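Working notes, structure below.
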Amino acid sequence: MALDERPVGKLDRALIFLGPPGSGKGTQAKGLAEQYGVPHLSTGDMLREHVTQGTPLGLKAKPLMERGELVPDSLVLKIVADRIERDDCFHGFVFDGFPRTVTQAKYLGELLKQHGFKFPFVIHMIIGTDVLMKRMTGRRVCPVGGEIYNVFDRPPKVEGICDVDGAKLIHRPDDREEVVGPRLHAYEKQTAPLVMYYRRLGYLHDVDARKSVDEVRQDIHQIVASIRGMR
Ligand code: AP5
């Protein structure tokens, strides 16, 4: 189906969450993807799945992720290219944690063109590093539905248990205090240049990620609603 034949009101593009670890990308991306009925594509989740299953890719990624380093572009690009081939991506998707290098961003640009998507828009989550440590060390995640909690600010009703499906929550190994520093360093060195890259292209929309989850959600909703009709 050509782009112009796609139903009006759909996302029909990639929405990209760009921001440091712990800035709230996953928290917001999940809800937004549900709202638009498109998949939430977290390369971190995809890689963790490979690690859990012990695939060859997972075995390569595991030590890097444990040290807070990025996984090589070649491995990540293959996963993403395969994923967006699937039928559920036809009306667009929400990326969380991808792209993370200029190489990944350029490759994504080509992929989106090949698939006939409109230009992407990028939600840039702005936040100081002072609050990120608390957000990451306090994070707990549901291994079943991906629900995200925080023991300090967004605790589950019953400690350690997901409100939605009753699963036992996990503490990500890379959320340990000693791994947070290297992750922030990797962000500054390899991912932060994407802010300028996308700003120059005119795709970037800044969001104050220090606000509450609901306030950030509202700000993002307004941005997406205002530009959704653009071709
Ligand atoms: P990934 O899983 O993508 O992790 P990340 O980018 O480091 O981001 P996080 O998941 O830590 O944080 P988030 O911004 O999603 O915050 P969240 O919403 O959970 O990547 C993990 C690893 O995989 C990487 O280090 C790398 O090795 C590898 N990798 C992944 N993608 C890659 C790629 N493209 N290329 C190469 N390598 C790749 O929120 C955090 C906490 O804060 C939660 O507890 C939440 O409840 C709380 N919170 C959220 N919003 C708010 C708010 N507004 N107020 C108060 N608390 C809030």
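The values are calculated or read from the model by the stated rules, or taken from the named source; none is laboratory data. Owing to the predicted nature of the structure, the values given are computational and were not obtained by experimental measurement. Note that each Cβ is placed from the backbone with ideal geometry, even for glycine, and that neighbours are counted across all protein chains shown. For accessibility, only protein heavy atoms count, side chains too; no ligands or nucleic acids. Shrake-Rupley method; radii C 1.70, N 1.55, O 1.52, S 1.80 Å.
Summary table below
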| read-out | value |
| --- | --- |
| Length added when fully stretched, Met196-Lys106, from 0.36 nm per residue minus Cα-Cα | 31.1 nm |
| Nearest-20 debye value, the chain charge dipole, Cβ charges on Lys, Arg, Asp, Glu | 380 |
| DSSP bridge pairs, the chain: antiparallel proportion in percent, nearest 5 | 25 |
| The chain, accessible surface, carbon-and-sulfur percent (1.4 angstrom probe) | 54 |
| Solvent-accessible heavy-atom area per residue, rounded to whole Å², over region 53-108 at 1.4 Å | 48 |
| Per residue solvent-accessible surface (Å²) - region 138-231, probe of 1.4 Å | 62 |
| Tilt relative to the chain, helix 43-53 - C-alpha long axis, 0 to 90 degrees, to 10 | 60 |
| Values of log10 I(q)/I(0), in the order q = 0.25 Å⁻¹, for region 84-165 under a Debye, Cα-only, solvent-free model | -1.15 |
| Gain upon complete extension [His221, Ile161; 0.36 nm per residue less C-alpha separation] | 18.7 nm |
| Too-long pairs where the Cα-Cα distance tops 32 Å, listed order kept, from Lys25/Lys113; Lys10/Lys189; Lys168/Lys189 | Lys10/Lys189; Lys168/Lys189 |
| Angstrom value of the Kirkwood radius, inverse mean 1/r, which spans all Cα pairs in region 33-126 | 14.1 |
| Relative contact order, percent, the chain [alpha-carbon distance under 8 Å, six or more residues apart] | 29 |
| Equivalent ellipsoid dimensions for region 169-231 as semi-axes, Å, which come from the Cα gyration tensor, largest first | 28, 19, 9 |
| Evaluated at q = 0.13, 0.17 Å⁻¹: base-10 log I(q)/I(0), Debye formula over Cα of the chain | -0.78, -1.40 |
| Reachable aspartates and glutamates from Lys106, criterion Cα separation under 17 angstrom, eight or more residues apart if same chain | Asp73, Asp82, Asp96 |
